[in-house]
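Single-structure report; data block below.
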Amino acid sequence: MSLLNPFKKALAMNTVLRSRLAAAFVLGCASLSLQAAPTVTVGGTSVAGAGQISAVSGLACPLITFNTLPAGSDCLGATYSPDTGNNYVTGNIPGVSATPPGDTTPYLTISPARGASVTVTLGSGANYFGFYAGSLDPFNAVRFNYSGSSDFVVYTGTQLATFAGIPADGNQTVGRYFNIFSESGRTFSSVVLTSSKAAFETDNHAFGVASVPAPGALALLGIGALGLFGAARRRVA
């Protein structure tokens, strides 16, 4: 066997790898141009004792708390399911949930111990959904279902943390407000929050019709597109 063969094989494998990476990049760009992706921004308004609330103006439903049953009674147009109150807690519960930073009010916790999934059905025309989240973990996830379609996009706790520039390590002292805007001409029909372990804690939800801000960076759109593409792959599989 020629000594050059291993080198040639390595070179060929490297060429194939680069080709696949290039194809993946083009596919990501195609997702942007053909399907686009939601715009994600991070940041809210701090409120003493309540953490953060949405800073987006003009919303029909600017604040949904979990202080009373049913959740969503603060505003018309949002329905939470299940809505037994088992997921609404206050303060830290060891091994179950940790209150979002600065939030002394009841919040929504999702975990196998308290219900691993909650679906928020939104009123018609909602192109925006916001929420305050604390101590993000990789096993947290938020799924956005589109109106009039089987399309959806899923963001994991890791992806959300990446948007915020923080690690998804469950740090109970770190919380961020996330704003998700659908693509132009599309709306969200529902949002599904899930967690396979303890726990996913959110509060101060908001939704409605809002102006979509210009993306701050191509990288932000890229992560969004990959999230959408990943969802599409899971749907087809």
Distant-in-sequence amide H partners of Ser190 (H built 1.01 Å from N, under 5 Å): Leu122, Asn145
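For the stretch 130-180, go through all pairs of different Cα atoms, get the mean of 1/r, take its inverse, and jot down that Kirkwood value in Å.
Evaluated over the stretch 130-180, this radius sits at 11.4 Å.
Could you line up Ser149, Ser195 from fewest to most neighbouring Cβ atoms inside 10 Å? Show your work: numbers first, answer last.
Working: Ser149 9, Ser195 23.
So the ranking, lowest neighbour count to highest, is Ser149, Ser195.
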Fewest-first ordering of Ser111, Ser189 by Cβ atoms within 10 Å yields Ser189, Ser111
What are the ³J(HN,Hα) values, in whole Hz, obtained from phi via the Karplus relation 6.51 cos²θ - 1.76 cosθ + 1.60 with θ = phi - 60°, for each residue of the stretch 155-164 in sequence order, with x given for Gly and Pro? 10, 7, x, 5, 5, 4, 4, 5, 4, 7
Take the Cα radius of gyration of the stretch 37-236 and divide it by 2.2 N^0.38 Å, with N its residue count; two decimals is plenty. 0.93
So if I take the alpha carbon set of the stretch 97-177, get Rg, then get Rh from the Kirkwood formula, what is the Rg over Rh ratio? 0.97
Counting only residues 5 or more places away or on other chains, whose amide H sits under 5 Å from the amide H of Gly44 once H atoms are built in the peptide plane? Tyr177
Which distance in nm do the two modelled labels at Asn67 and Thr173 give, with both placed 7 Å along the Cα-to-Cβ direction? 2.9 nm
Restricting to Cα pairs below 8 Å that are 6+ residues apart, what does the relative contact order work out to for the stretch 37-236? Please round to a whole percent. 32 percent
Using 0.36 nm per residue of separation minus the Cα-Cα distance, give me the extension gain between Ser57 and Thr158 in nm, one decimal. 33.6 nm
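Throughout, read-outs are computed from the coordinates displayed, never taken from laboratory work. All of these numbers come straight from a predicted model, not from anything done at the bench. With ideal geometry, Cβ positions are generated from the backbone for all residues, glycine too; neighbour counts draw on all protein chains shown.
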